[in-house]
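Step one of this worksheet: look at the structure below.
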Number of protein chains: 2
Amino acid sequence: MSERFSSTPRTRVVRLPDRASYDRQTLFAILDEAFLCHVAFSVNGQPYAVPMAFGRDDQHVYLHASAASRMARGAIDGLDVGVTVTLLDGLVMARSAFHHSMNHRSVMVVGRARLVTDATERQHALRRIVEHVLAGRWDEVRPPSEKELKATAVLALPLVEVSGKIRTGPPGEEDEDYTLPVWAGVIPLRTIADQPEDDGRLVPGVRRLDERRIATRVR
Amino acid sequence: MSERFSSTPRTRVVRLPDRASYDRQTLFAILDEAFLCHVAFSVNGQPYAVPMAFGRDDQHVYLHASAASRMARGAIDGLDVGVTVTLLDGLVMARSAFHHSMNHRSVMVVGRARLVTDATERQHALRRIVEHVLAGRWDEVRPPSEKELKATAVLALPLVEVSGKIRTGPPGEEDEDYTLPVWAGVIPLRTIADQPEDDGRLVPGVRRLDERRIATRVR
């Protein structure tokens, strides 16, 4: 497997190409840190961006949706989608309005998602989606029933047309703006997890979730 | 002004309608807490979801982009877009794979964005975008030059077709699953800001940004 995704006319980063990344390991790490993605798709010519859980393996991004959803109904013959993951790392405060920015890491996957119908691949995809939220969770919980599987549409999007964009560091300013008496720099942002909250109906003796299990995701 | 947005066929929440909100004040508060949105639009039939800064007033969501970007080039005659803001509040861990979920607050605005050409509205929009990141910032920094304005496309999307979705609380489980010896509950997530980092080129005497200025956004 190549270490880099090929840039295509649809995935080539048009603006600020020095921020582009096509490195497989870098982009997979961004996907793996994010809890949700936004999925762009059109219904009757109207684009929607819908926040969704997702999972991945080396070949596909997997999505799931209610079989009754707009997306699932549109996916029967394949659905053109854009899946984007964005991690916001900081607010970049410049001396000029124009050069304000955000430090972020994003990955965009575009292409045609297919409805997964094979039972084995559906199980695999759903496992990847649950495991994406919390590694090890699938084997701890009750697997989907026949009824639940029937209510769930699973989509697979090939990890082929993939690009990333990464911005780090302080603001880029016009040379003459450095004399302005304005504070400039970065306000770092990050996601943290607070202590897990029991749902109040635990079977006696069940241990609280070990917080370290999500520590790599919330820095 | 009505206190609620009207539900339309395009903004009606199809799935889990008990999580829907059309309340103006509630949805505006979600928009105002988010630093970025994802914008869905199509180019040659391919949908993209692009993370972007944004601003708003009571009538419009404002977006800006490089005049050379895919989005700006597509917006000359108006561009159908879906703008979505999502705040992730927690990971909902259920006793079954199927009932895993995420606590979140999201707002979706759909419709046709127009390219803003009026100079006064363009200034207003850019001010709203900068102020959305940090209230009071516009008046502290150098305003856009003619050259910078020329390089910037500004889009306005009417706040008319707007819907929200909110999930809170513990997992919803099947009754029979409560006997399973599995930890279930919520892992709360939130965004925090660390201490602002100077860019190292401040004019002597410039004071560090007061962190309290973003305290309402990062709980």
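Put a plus charge on the Cβ of each Lys and Arg, a minus charge on the Cβ of each Asp and Glu, and nothing anywhere else: the dipole of the protein assembly as shown about its Cα centre is then about 580 debye. The label-point distance for residue B:19 and residue A:190, in a model that sets each label 7 Å from Cα toward Cβ, rounds to 2.9 nm. Shielding value for A:77-85 is 4, the average number of Cβ atoms from other chains within 10 Å of each residue's Cβ. Over all pairs of different C-alpha atoms, the protein assembly as shown has a mean inverse distance whose reciprocal, the Kirkwood radius, equals 22.7 Å. Contact order for the stretch B:17-214, expressed relative to its length and based on alpha carbon pairs under 8 Å spaced 6+ residues apart, stands at 27 percent. Mean residue ellipticity at 222 nm, helices only, the protein assembly as shown: -4500 deg cm²/dmol; runs of at least 4 DSSP H residues each add -39,500 (n - 2.57), and the sum is divided by the number of residues.
Kindly give Rg over Rh for the stretch A:1-70, based on alpha-carbon atoms, with the Kirkwood expression for the hydrodynamic radius.
Here Rg/Rh amounts to 1.00.
Can you tell which of B:209, B:47, B:185 lies farthest toward the positive end of the dipole of the protein assembly as shown, using +1 and -1 charges on the Cβ of basic and acidic side chains (Lys, Arg; Asp, Glu)? It is B:47. Placing unit charges on the Cβ atoms only, positive for Lys and Arg and negative for Asp and Glu, gives the stretch A:17-189 a dipole magnitude near 760 debye about its Cα centre. As an equivalent ellipsoid, the stretch B:109-154 spans semi-axes of 19, 15, 8 angstrom, where each value is the square root of five times an eigenvalue of the C-alpha gyration tensor, largest first.
FRET efficiency for residue B:175 and residue A:151, Cβ-Cβ distance as r, R0 = 22 Å, nearest 0.05?
0.80
Shortest first, residue A:158 label-point distances to identical copies amount to 4.1 nm, with the label point at 7 Å from Cα along Cα→Cβ.
Each residue in B:8, A:84 was given a count of other beta-carbon atoms within 10 angstrom of its own, and listing them fewest first yields B:8, A:84. Of B:59, B:123, B:46, the residue with the greatest mean-square motion in the GNM of chain B, using alpha carbon springs below 10 Å, is B:46. Sorted shortest first, the separations between the residue B:58 label point and its copies elsewhere in the assembly read 5.8 nm; each point sits 7 Å from Cα along the Cα-to-Cβ line.
Among B:128, B:207, B:15, whose mean-square fluctuation peaks in a Gaussian network model of chain B (Cα, cutoff 10 Å)? Among B:128, B:207, B:15, the largest mean-square fluctuation in the Gaussian network model of chain B belongs to B:207. Overall shape: oblate for the stretch B:126-219, with the ratio a/c of the largest to smallest alpha carbon gyration tensor axis at 1.5 or above and b/c at least equal to a/b. Quick check: Cα centre of the stretch A:144-195 to Cα centre of the stretch B:90-122, how many Å? The stretch A:144-195 and the stretch B:90-122 have Cα centres spaced 14 Å from each other. If you take the charge dipole of the stretch B:17-214 about its Cα centre, with +1 on Lys and Arg Cβ and -1 on Asp and Glu Cβ, which of B:25, B:111, B:90 is farthest toward its positive end? The Cα lying farthest towards the positive end belongs to B:111.
Based on other C-beta atoms within 10 Å, arrange B:42, A:6, A:69 from fewest to most.
Taking fewest neighbouring Cβ atoms as first place, the list is A:6, A:69, B:42.
Plainly put, the tip 7 Å out from Cα toward Cβ on residue A:200 is 5.2 nm from that tip on each other copy, the closest given first. On C-alpha positions alone, give me the angle between the axis of helix B:119-133 and the longest principal axis of chain B, in degrees, nearest 10. That works out to roughly 50 degrees.
Counting only alpha carbon atoms, the long axis of helix B:24-33 and the longest principal axis of chain B meet at about 70°.
For chain B, a Gaussian network of Cα nodes joined below 10 Å ranks B:155, B:27, B:134 by mean-square fluctuation, and the top entry is B:134.
Taken along the Cα-to-beta-carbon direction at a fixed 7 Å, the label points for residue B:58 and residue B:131 span 1.3 nm. Solvent-free Debye calculation, one equal scatterer per alpha-carbon of the stretch A:17-189: log10 I(q)/I(0) at 0.10, 0.12, 0.18, 0.19 Å⁻¹ equals -0.48, -0.64, -1.11, -1.19.
Every number in this text was worked out from the coordinates using simple rules, so none of it is lab data. Quick caveat: nothing in here was measured; it's all calculated off a predicted structure. Counting neighbours? That spans all protein chains shown, and the Cβs are built from the backbone with ideal geometry, glycine included.
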